[in-house]
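The values are calculated or read from the model by the stated rules, or taken from the named source; none is laboratory data. Quick caveat: nothing in here was measured; it's all calculated off a predicted structure. Every residue, glycine among them, receives a Cβ derived from its backbone with ideal geometry; neighbour counts consider all protein chains shown.
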């Protein structure tokens, strides 16, 4: 009995280890890209896409779409190869100003960080304050945009619309917060500087 238990554990461990080693999505110049690594990159790119669209792109339709993942993987590999070559060329040709590149990269990183803070605030603080969405609200939005829901079941369309309505209401709360903090602060803008 004890031996059988040990063999079972060894079999499971070998199976897990084999799966981890063989679960790759691409190999580029002898280096494998593991599925788990790819999914992290893919998910983070979807989040960036959502943030850069100011939450206007619904990334849920891409998340589990295998065709989209495959296209993304192919483009990701190609762009990384191109970027590697460009960086090598830049090390000798110096066609990119490193100082500009670093300051611009930092500005973009700061922007994304701020957007992530806003996103977290919307999701964790403002969205929970939103009450239930009425069937009437959902129906009004559906009727206005029904062409967008041709390939979606009524239940799924209802869920998407409800989420979007809640997000819009949370954005309205954020606008009210912006107005409130502006009114609580003493702001003086020198408009003469913009008339020169």
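Here are the numbers for the structure shown:
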quantity	calculated
All positions within the stretch 82-113 that are in a helix (DSSP H, G or I) and touching a helix residue (DSSP H, G or I) at 6+ places or on another chain (Cβ under 8 Å)	112
Test: residue 116 is surrounded by 10 or more Cβ atoms within 10 Å (Cβ to Cβ), in a helix (DSSP H, G or I) and touching a helix residue (DSSP H, G or I) at 6+ places or on another chain (Cβ under 9 Å)	yes
Residue match in the stretch 176-184 (condition: outside any helix (DSSP H, G or I) and either more than 21 Å from residue 56 (Cβ to Cβ) or at pLDDT 95 or above (or both))	no
Residue list for the stretch 33-76, restricted to those being in contact (Cβ under 8 Å) with a residue 40 or more places away in the chain and either on the phi > 0 side of the Ramachandran plot or in the same structural domain as residue 113 (by TED's automatic domain parsing) (or both)	55
Test set (1) closer than 30 Å to residue 162 by Cβ; (2) assigned to a helix (DSSP H, G or I); (3) assigned by TED's automatic domain parsing to the domain that holds residue 34 - residue 79 fails condition number	(1)
Condition broken by residue 71, with the remaining ones in (1) assigned to a helix (DSSP H, G or I); (2) modelled with pLDDT under 90; (3) within 18 Å of the chain's Cα centre (by Cα) satisfied	(2)
Residue match in the stretch 145-160 (condition: closer than 14 Å to residue 55 by Cα and surrounded by 14 or more Cβ atoms within 10 Å (Cβ to Cβ))	yes
Qualifying positions in the stretch 138-154 - farther than 13 Å from residue 164 by Cα and either assigned by TED's automatic domain parsing to the domain that holds residue 61 or not in a helix (DSSP H, G or I) (or both)	150, 151, 152, 153
Tally of residues being assigned to a helix (DSSP H, G or I), in contact with a helix residue (DSSP H, G or I) (Cβ under 7 Å, 6 or more places away or on another chain) and surrounded by 14 or more Cβ atoms within 10 Å (Cβ to Cβ) across the stretch 49-68	3
